[in-house]
Amino acid sequence: MKKSSLLSIGLLTGIMLFATAIASGPVSVVLRNGSATSIPLKIENVMNPNLSPFSNSSVTCAEGTRIFYKKKGKWVEILEVTADLEGDTIRVDKLLKELELR
């Protein structure tokens, strides 16, 4: 393969990686527990919070971060953070009911 072809491939790869890094910036959301019981969560590469009853928890994480709920000793994915969630309040207790996990 010629040097110019390798250089072109390397340049294109670098541009694609840079564009992906820009597109997947931090996303801030509020996790709300409107129920009377704690909700055990695991936020991938961030923390493992227990959402207290009737509380809010602000979190900023990378787009694509997955959030899990602990049900019967196993972690179940309940949400993947996307850019369109920026600034939203997510009612985790309602989400768990919709997913029939609670």
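Coordinate-derived values only; no laboratory data. Given the structure is predicted, the values throughout are model-derived calculations rather than measurements. Every residue, glycine among them, receives a Cβ derived from its backbone with ideal geometry; neighbour counts consider all protein chains shown.
The orientation-averaged projection of the convex hull spanning the C-alpha atoms of region 25-98 amounts to 4.5 square nanometres. Site pair Lys97 and Thr37 shows an inter-label distance of 1.3 nm when each label is modelled 7 Å from Cα along Cα→Cβ. Extension gain for Leu85-Thr60 works out to 7.9 nm (0.36 nm per residue, less the C-alpha to C-alpha distance).
Annotation: extensible slack from Glu77 through Met47 equals 9.3 nm (criterion: 0.36 nm per residue apart, minus Cα-Cα distance).
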